[in-house]
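Worksheet: one structure, shown below.
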Amino acid sequence: MTLEAVSFLKEKSSEFLLHHAILYATVRNIMASNTTTSHDPVELGELERSILSIVWRHAAITADQVRDELGRPLKESTVRTVLRRLEEKGYLAHSVENRTFFYRPAESRQRVAGRAVKRIVDWFCEGSVEALLVGMVDSKVLNRAELQRLAERIAAAQKSAARDEADKKAK
């Protein structure tokens, strides 16, 4: 291509862009967390736990909605800071729709609770889940119906594990 042809194309493409300019706006953006889920849930503060509980009850929620649901006088910036910190710790993720941040759980309540219990088991029961459960029974934390449901879930998990093991050996 000659120098004149290149110059002509640059000039015409610039004219085309000026006459046919299209404006683009981000309507929806999803922020993927770049944090790990290794934060210890036991170290969450009372306000963090309250906000996390609110977010778990909703599929997606804005900072203003969280603030309204908290039912106590907090500045908007305080709520946004706590939401951002919970996201940095791996508990929340957010998406942006029309410049509004919507927060959602990055982990289920059960998974976070499991990590917290694991820490308690490690601290107070030397890693023994059995010791924890015996302590819960002795302290009447678990009633008879809860113990029965727990026993049924354990039995179902054992059957499932045995089936998986048999399937592996059959292959």
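Quick grid of which residues meet (1) out of contact with any Asp or Glu (no Cβ under 6 Å at 6 or more places or on another chain); (2) under 30 Å from L132 (Cβ atoms); (3) modelled with pLDDT under 95:
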| residue | (1), (2), (3) |
| --- | --- |
| L52 | yes, yes, no |
| T62 | yes, no, no |
| V66 | yes, no, no |
| L83 | yes, no, no |
| E97 | yes, no, yes |
| A113 | yes, yes, yes |
TODO: Quickly run through the stretch 92-146 and pick out the residues that are surrounded by 11 or more Cβ atoms within 10 Å (Cβ to Cβ), without any contact (Cβ under 8 Å) to a residue 12 or more places away in the chain and of a type in the set (S, T, Y).
DONE: S128
Open item on the list: So, restricting to helices (runs of 4 or more DSSP H) that lie completely within the stretch 73-143, which ones have at least 2 residues that are in contact with a strand residue (DSSP E or B) (Cβ under 6 Å, 6 or more places away or on another chain)?
Closed with: 76-88
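The values are calculated or read from the model by the stated rules, or taken from the named source; none is laboratory data. On a predicted model such as this, the values are computed, not experimentally measured, just so you know. Backbone-built Cβ (ideal geometry, glycine too); neighbour counts: all protein chains shown.
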